[in-house]
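All remarks here apply to the structure that follows.
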Amino acid sequence: MSSNNTASRDVVVVGAGFAGLYTTIHARRAGLNVLGIEAGSDVGGTWYWNRYPGARCDVESIDYSYSFDEDLQQQWRWSERYATQPEILRYLSHVADRFDVRRDYRFDTKVAGARWDEDAQVWHISTSAGDTVTARWLVMATGSLSQPNLPDLPGRDSFAGAVYLTANWPAEGVDFTGLRVGVVGTGSSGVQSIPLIADQAAELTVFQRSANYSVPAYNRPLADEEWQQVLEEYPRRRKESWNSAAGSPWGSYSVPYENLAPEEREQVLAESWTRGGVLYGKAFERQTIDTEINDAARVYFERRLRNIVRDEDLARDLTPTDHPIGTKRICTDSGYFETYTRPNVHLVNLRRDPITAITPGGVQTESGFHALDAIVYATGFDALTGALTAIDIIGRHGRTVRDAWKDGAQTYLGIGVPGFPNLLTLNGPGSPSVLSNMALGSEQQGSYALRLILHAAEHGYSSVEARSDAAAAWTAHLGEVAGKTLFADAPSWYAGANIPGKPRTFMPYLGGFHTYTARLDEVAGNGYPGFVFS
Ligand code: FAD
Ligand code: N01
């Protein structure tokens, strides 16, 4: 393909996380001249940046790993049910070695901009190194949760102590021994890190704006016997995952809630609870659709919480009130609520007592001053769109993605963006991504991007562009699907609610991982209606 192509590369893949690595490995296998560009110094993506204490996956590692290579699957040994960040990073590093993909990457290099050249039908991609790379195809594997959100709190930069971001944690680690530490944020990152920071710090103050649902991980080491069984069952397990709504083999209880007696419902909730973490979000079918079922799961959660936190006022402050359970990602913890029963841990409920200023010495809230030596921001991400709108991507007629998406992201199938030929987005808005097992999702997204590229090449086309009517219909469909569920009631980052001024549209596809895969196949099988080839 390279020989009759004016581009210096067939494909540039931006990002070296699960999606970028998969795509780069397979682009080379397909005979394409591929270059990967990654801002970090090595592979890993999420697992390169998020090195905070307690960071782990919340999808079981045996599922949250690549399925494309049977030898890799059989030879890699996960040590725990939910691997730690260092172990997942070692895994991705092993994958990079095994498939010798680092040689295709430029690390420590940020893509700053990309301009579509209508005449030459190529992208000119400018990098932080000051040079420009030209490529026919630009695949953005830039991550759904890779653009950290540092809130604009008054006086934030005046703080004289140490400042850390969970999403960009120092590789050498941090020792909080003897320090007064403040953590802002109680999403999954805060919930995972707070117990470990509390173990070290002299005093820990948690600044919580919204309480969150969190369910213990029930993490455990994987014994040899269990591992042997995993290896034997892998083919079945993967098949079930690919055919499932969320990319993992776990489903809801087979009998509908309505057909169960109260004691049976209680039993189902108890069993689902001990599966651990996010899986509690689907104890019953329709749990995030039907308010009565959702309430049952919520009430059970509240009882579990009150069994741990006996102090009534504290328990009330830790009880979520702003969303139905499961409509923001349920946190997966190891001893989170127990941490608040420690004498060195203090909770500040920002709903009652908002931050008025960060000062050189700490955090001032309406009711008092909290002297601190260090502040940890566990304040999340400009999710799904943030990494893309941070780059000056200029498509047809000089229009940027930022401008095209100012009222909300528009994609066709999450892959193509009208007005931006040959730009393919992976795990971005319009894909199931963050609502599914993203290791498999990365394979699904990367494969489809390559399928489109190879289809174009085989038929002698030099560009592919999503039609704007197809993108409008797909985007409306995302909203319709979410609108039929309780997700529509939550001020979540899925809907852009965590970033001031961000348009409120439900960005990921909630209709199911398997449904989405079937839709991709159907579109490919029908010759890609919704895409224009030229
Ligand atoms: P990423 O891993 O985010 O990689 C994107 C890469 O692109 C980054 O390395 C970034 O540096 C690079 N990049 C971005 N912009 C540029 C640019 N302009 N120039 C150059 N490089 C750029 N999902 C699950 O399914 N299960 C889990 O258990 C799970 N746990 C998670 C835990 C944490 C702490 C977080 C933050 C997320 C978790 N996720 C989980 C979601 C996770 O992001 C995905 O599973 C997956 O790692 C995403 O892979 P990716 O390749 O799409 O993106
Ligand atoms: O981010 P979040 P995260 N003042 O957005 C608060 C994945 N992940 O990094 O809810 C005060 O969930 C904010 O408050 P509120 C997973 O998909 C997985 O924790 O907006 N507080 C919230 O409490 C997850 O969902 C794991 O009111 C402010 C917190 O900061 C996603 O990544 C681990 C604030 C942000 O929570 C994001 O998780 C980590 C402000 N101005 C991440 N702004 C696993 O367990 C924000 N907050 C696998």
Per the list (1) surrounded by fewer than 18 Cβ atoms within 10 Å (Cβ to Cβ); (2) within 24 Å of residue 481 (Cα to Cα), residue check on residue 312 breaks on (2)
Can you pull out every residue in the range 193-212 that is more than 16 Å from residue 318 (Cβ to Cβ), within 15 Å of ligand 1 (Cβ to nearest atom) and open to solvent by 10 Å² or more (accessible area, probe 1.4 Å)? 196
Out of the residues in the range 160-183 that are among the hydrophobic types (A, V, I, L, M, F, W, C) and buried (at least 24 other Cβ atoms within 10 Å of the Cβ), which is nearest to residue 217 (Cα to Cα)? 183
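Counting residues that are within 16 Å of ligand 1 (Cβ to nearest atom), which strands (runs of 3 or more DSSP E) fully inside the range 356-472 reach at least 1? Even if it seems obvious, please write down each step before you answer.
Numbers: elements: 362-365, 368-371, 374-377, 392-394, 423-425, 464-466.
Those strands (runs of 3 or more DSSP E) span 374-377, 392-394, 423-425.
Report yes if some residue within the range 48-59 is without any contact (Cβ under 8 Å) to a residue 60 or more places away in the chain, in a loop (DSSP other than H, G, I, E, B) and within 16 Å of the chain's Cα centre (by Cα); otherwise report no. Even if it seems obvious, please write down each step before you answer.
Quick first cut of the range 48-59, residues without any contact (Cβ under 8 Å) to a residue 60 or more places away in the chain only: 48, 57.
Next cut, in a loop (DSSP other than H, G, I, E, B) only: 57.
Keeping just the survivors that are within 16 Å of the chain's Cα centre (by Cα) gives 57.
Yes, because at least one residue in the range 48-59 is without any contact (Cβ under 8 Å) to a residue 60 or more places away in the chain, in a loop (DSSP other than H, G, I, E, B) and within 16 Å of the chain's Cα centre (by Cα).
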For residue 157, which of the numbered conditions (1) open to solvent by less than 50 Å² (accessible area, probe 1.4 Å); (2) out of contact with any helix residue (DSSP H, G or I) (no Cβ under 7 Å at 6 or more places or on another chain); (3) within 16 Å of ligand 2 (Cβ to nearest atom); (4) within 23 Å of residue 380 (Cα to Cα) fails to hold? (1)
Any chance residue 329 is part of a loop (DSSP other than H, G, I, E, B), within 16 Å of ligand 1 (Cβ to nearest atom) and open to solvent by 30 Å² or more (accessible area, probe 1.4 Å): yes
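May I ask you to list the residues in the range 129-145 that are over 19 Å from residue 24 (Cα atoms) and in contact (Cβ under 8 Å) with a residue 40 or more places away in the chain? Show your work before the answer.
Step one: filter the range 129-145 for residues over 19 Å from residue 24 (Cα atoms), giving 129-132, 145.
Within the range 129-145, just 145 meets the criteria.
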Please enumerate the residues belonging to the range 205-263 that are touching a strand residue (DSSP E or B) at 6+ places or on another chain (Cβ under 9 Å), within 16 Å of ligand 2 (Cβ to nearest atom) and among the hydrophobic types (A, V, I, L, M, F, W, C). 206, 207, 211, 215, 217
Selection status of residue 402, open to solvent by 10 Å² or more (accessible area, probe 1.4 Å) and within 21 Å of the chain's Cα centre (by Cα): yes
Answer with yes or no whether residue 348 is more than 16 Å from ligand 1 (Cβ to nearest atom) and outside any loop (DSSP other than H, G, I, E, B). yes
Please verify whether residue 144 is crowded, with 16+ Cβ neighbours inside 10 Å, of a type in the set (S, T, N, Q), under 23 Å from residue 450 (Cα atoms) and over 23 Å from the mean Cα position of the chain (by Cα), treating the condition exactly as stated. no
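Could you check the range 352-363 and list, in sequence order, the residues that are open to solvent by less than 60 Å² (accessible area, probe 1.4 Å) and of a type in the set (D, E, K, R)? Reasoning before the result, please.
Applying the first criterion (open to solvent by less than 60 Å² (accessible area, probe 1.4 Å)) to the range 352-363 yields 353-355, 357-359, 361-363.
Listed by number, the list holds a single entry, 353.
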Can you name the residue in the range 31-59 that is open to solvent by 50 Å² or more (accessible area, probe 1.4 Å) and either of a type in the set (A, V, I, L, M) or near ligand 2 (Cβ under 9 Å from one of its atoms) (or both) and is also farthest from residue 200 (Cα to Cα) among such residues? 46
Answer from 28, 77 - the residue that is part of a loop (DSSP other than H, G, I, E, B), open to solvent by 30 Å² or more (accessible area, probe 1.4 Å), away from ligand 2 (no atom under 16 Å from the Cβ) and farther than 22 Å from residue 170 by Cα: 77
Hits in the range 117-138 - residues which are more than 16 Å from ligand 1 (Cβ to nearest atom), of a type outside the set (A, V, I, L, M, F, W, C) and touching a strand residue (DSSP E or B) at 6+ places or on another chain (Cβ under 9 Å): 117, 121, 134, 136
Of (1) more than 16 Å from ligand 1 (Cβ to nearest atom); (2) among the polar types (S, T, N, Q); (3) not in a helix (DSSP H, G or I), residue 498 fails just (1)
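Condition check ((1) touching a Ser or Thr at 6+ places or on another chain (Cβ under 8 Å); (2) polar (S, T, N, Q); (3) at pLDDT 95 or above) across all residues:
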position	(1), (2), (3)
253	yes, no, yes
268	no, no, yes
272	no, yes, yes
276	yes, no, no
282	yes, no, yes
290	no, no, yes
304	no, no, yes
308	yes, no, yes
312	no, no, yes
Restrict the check to the range 364-375 and report whether at least one residue is farther than 30 Å from residue 220 by Cα, in contact with a helix residue (DSSP H, G or I) (Cβ under 6 Å, 6 or more places away or on another chain), modelled with pLDDT of 95 or more and open to solvent by less than 10 Å² (accessible area, probe 1.4 Å). no
Which of the residues that make up the range 213-237 are open to solvent by less than 20 Å² (accessible area, probe 1.4 Å), assigned to a loop (DSSP other than H, G, I, E, B) and either closer than 30 Å to residue 379 by Cβ or in contact with a His (Cβ under 6 Å, 6 or more places away or on another chain) (or both)? 213, 217
For the range 501-534, what are the residues that are part of a strand (DSSP E or B) and among the aromatic types (Phe, Trp, Tyr)? 531, 533
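The values are calculated or read from the model by the stated rules, or taken from the named source; none is laboratory data. Just so it is clear, the model here is predicted, and its values are computed rather than measured. We place every Cβ from the backbone using ideal geometry, glycine too, and count neighbours over all the protein chains shown. The accessibility values were calculated without ligands, DNA or RNA, using every heavy atom of the protein model including side chains. Shrake-Rupley method; radii C 1.70, N 1.55, O 1.52, S 1.80 Å.
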